[in-house]
Amino acid sequence: MKKCVLLVLSVLLTAAPLLAQEWKSPHSLDEEQNAPAVLLPYPKEVQWKKSKLPLGKQDDWKLEGKKEKMISTAWRGFLSALPAGKSGSSMLCRLVEDAATLPKEGESEGYTLQVSKKGVEIHAAHEAGFFNALQTLRQLAAGGKSLPCCKIKDWPAFSVRGFHHDCGRNFQTIESLKRQLDLASQLKVNYFHWHLTDHPGWHVQSKAYPQLNDPKNRTRDVDDTYSYEQIRELIKYARARNITVIPELDMPGHSSYFNKTFGFPMHSEEGMKVLEKLIREFCKEVPTKDCPIFHIGADEVRVPNAKEFVAHMSKLLISLGRTPMQWGGPRDLPVGEHSISQRWGEGDRDPNSSMDPKSVHCRTIDSGMGYSNLFDPAMLVRRWFFLRPCGVGKGDDRRMGALICNWPDMRVDDKSKIPLHSAQWPGLCAMAERAWEGGDANGDGLASDMPAPDTEAARAFKLFEKRLAFLRKTLFKKEYFPYWTENAQKWTLIGPVPEAQKEQVRAKVLAGDYSGLNTCDAYGANLYFRTKPSTGFVGMFSGTKPGACVWAVLEYDSADGGEQPFMVGFDAPARSSRRYSGVPKAGDWSQCETRVWVNGKEFRNPQVYELAGKNRYMSDTWFHPANENPLADEEVWWAHKPTMVPLQKGKNTIIIEQPYKGEFQSWGVSFIPVKP
């Protein structure tokens, strides 16, 4: 939480309003701190006992009760966390079909789980509840030789907790998607939004129009098509993990391949006839029970027959037994009367804020809390942790929940790097926590301006980060997980000041003389001053315009001295449009004249870049040749190796000068101490 002391020099300071200190965790932080196991998402109610139940080995366990597909899948997952073989013990997990122990709102996915010295007993009303309970049991078993005895009563705050992949721009294999569904399901994520078509091509098998699958009508992944057999296979795989797949066939925009293939646009009379045939084919191949929601996109496009187009497609889908779904942002076609609205852009609203719940007039899913391809890892996690899905503490019939999206619009050659460049897994963890647990506390603004260490908000976030760190070593040990724990380091910020006064102010800052300057306290390892337009100009100085400069001063204690590793970054390229300041020149920290001093001596950037001084894109590149050049690791600071910073034993003074050159720049500082 920034505490500003207004003095005389700056004319450019526009700080975020001081935030209330009363943010409250939806669960007891003392309970979480003393918990004998790491649970994410954190349960509604939990009572920890002092005793433990030995875990034994796989063959020691017996499952008694319902054994439907979903339950069998979850049970195999639990057993996989145990060593193979038999220890001679006998362990029983008993499933009891029972709704009496849960409130009405928790019946569909809720459960009670009790671990005692006698074994494990789970009560639930439905298969999904048993599945979720077994995921919790698997987490209780992670990394130990025993199960902590406990009683857990749990259910989700929101019915929709989902994630999205754009496979229309960058095709991902069924095997890769299965792996991701497996991981997501262990966090009780229950929807997968599968974006199947976009400008580069129609990647769904078409029996009616095979020319759509012709490589000549595609611009990326030209030989890759999902057969209906593969689509049904993935949907079946997801359902066994309590995940419903929402396929999206984007129309009438994002469809360059369609114009190329047929010679007319989707919204034309001829185009609508083609689409109708394609939708009927898809719905015939994929049964309603497997795919009840059908997404038609309808985003970022203007057509003269907008209402007629939406009404026609929605009516068709309803006649086929499907619920229509559309993007519901300010640049999209009007959402149909019977459609689910997926909100992603809130127009002129404060980007630091959750959605206004009064603006929700139909069934709505919130995707406006942060795309993983826009924000850097820390901002992404903070936003999903502190903001409220649909602006409320728990869902209802209209406010359905949240869905985190990944849109790597640029061409990607190595698809395995998508979760690295867009911090997919840390963001998904934060979404899963908030959408399951809910919570009425207003965290608006906390994402871009970390709370002071003595607040409940800071303590809650620190404990959450400990759970992230554990999952990084366990569940995600084979995945890219680009997130490093914030710490309570306190910064003094000076400015913003006009560029014309930079040299004058620099001299005072280096001399440790802050008299006559604007000074602010800020906390954490990631400082956000003002992000790009695509992220809504989020930050502590969100109203400041380019042509300003800020200094960040840190007093850092080093126990040993010597070179120590830090993750260091000063800009984050949008993985959708590549817009950013570019790869630093040799010795520089950025292409925005960033400078660093350590104990009074200027410290030049020791990183070596093959693309030094290149790839500066001051505007969006969606239809620019640059979007066809895959992103290099060195363009993304969190994909670098740590920077070794020379420190002396004891107290060190680190000064960072960060100018604001243009709205292409994510203006801020990331300076994160990490373990060697």
Restraint check, K545/K651; K417/K641; K24/K52, Cα-Cα greater than 26 Å:
K545/K651; K24/K52
Gain on full stretching of the segment that runs from E555 to S359 - 0.36 nm per residue minus C-alpha separation
66.1 nm
Here the residues of the stretch 437-455 lying in the modelled label zone of K490, meaning backbone nitrogen under 16 Å from a point 7 Å along Cα-to-Cβ, are 450-455
Check cross-link reach from K466 to the lysines: straight Cα distance under 18 Å, and skip same-chain residues fewer than eight apart.
K477, K675
If one computes the Cα centroid of the stretch 595-657 and of the stretch 382-426, what distance in Å separates the two points?
26 Å
In nm, the gap between the two label points placed 7 Å beyond Cα toward Cβ at D182 and K69 is 1.8 nm
Considering only the stretch 45-154, percent of DSSP beta bridges that pair antiparallel, nearest 5
65 percent
Over all Cα pairs of the stretch 45-154, how is the pair count split among 5 Å bins, expressed in % and running from 0 up to the last occupied bin?
2, 13, 25, 26, 20, 10, 3, 1, 0
Out of all DSSP beta bridges in the chain, what portion is antiparallel? Express it as a percent rounded to 5.
60 percent
Quick calc, S90 & L320: beta-carbon distance into FRET formula, R0 51 Å, rounding 0.05, result 0.50
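Could you list the GluC sites (Glu not before Pro) in the stretch 504-601 that lie in coil according to DSSP, counting only those with at most 12 other Cβ atoms within 10 Å of their Cβ? Don't jump to the answer; show the numbers that get you there.
Working: sites: E555, E563, E593; in loops: E593.
Answer in residue order: no site qualifies.
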Dimensions in Å of the stretch 160-449 - Rg and Dmax from alpha carbons
18.1, 53
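Which order do peptides 278-286, 622-630, 455-463 fall in by mean Cβ count within 10 Å, highest first?
Values: 278-286: 17.2, 622-630: 13.1, 455-463: 19.7.
Result, highest mean first: 455-463, 278-286, 622-630.
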Taking 0.36 nm per residue of separation and subtracting the Cα-Cα distance, what length does fully extending Q33 through E285 add?
85.8 nm
What's the percent breakdown of Cα-Cα distances in the chain across 20 Å bins, shortest bin first?
18, 49, 30, 3
Virtual spin-label span in nm between D397 and S416, 7 Å along Cα→Cβ:
4.9 nm
Take K216, project a point 7 Å from its Cα along the Cβ direction, then tell me which residues of the stretch 256-297 have their backbone nitrogen under 19 Å from it.
256-264
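Between A586 and S227, what's the calculated FRET efficiency when r is the beta-carbon distance and R0 is 41 Å? Round to 0.05.
Working: r = 49 Å, r/R0 = 1.20.
Efficiency at R0 = 41 Å is approximately 0.25.
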Over what distance in Å are the Cα centres of the stretch 442-456 and the stretch 242-288 separated?
44 Å
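Starting from the Cα-Cα distance between R604 and E175, subtract it from 0.36 nm times their residue separation and give me the gain in nm to one decimal. Walk me through the numbers on the way to the answer.
Working: separation 429, 0.36 × 429 = 154.44 nm, distance 4.38 nm.
Additional length available on full extension: 150.1 nm.
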Inter-probe distance in nm under a simple model that places probes 7 Å from Cα toward Cβ, at E503 and T653
2.2 nm
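Nearest 500 deg cm²/dmol is fine: what mean residue ellipticity at 222 nm does the chain get from its DSSP H runs of n ≥ 4 alone, each adding -39,500 (n - 2.57), divided by its residue count?
On the way: 13 runs with 149 residues, N = 676.
Taking each H run of at least 4 residues, the total per residue is -7000 deg cm²/dmol.
Determine, from the Cβ-Cβ distance of K478 and K641 and an R0 of 22 Å, the FRET efficiency 1/(1 + (r/R0)^6), rounded to the nearest 0.05.
On the way: r = 20 Å, r/R0 = 0.89.
Here the calculated transfer efficiency is 0.65.
Every number here is computed from the coordinates shown, using simple stated rules; none is lab data. Keep in mind the model is a prediction, meaning the values are calculated, not measured. Quick reminder, even Gly has a Cβ in these numbers, built from the backbone with ideal geometry, and neighbours come from all protein chains shown.
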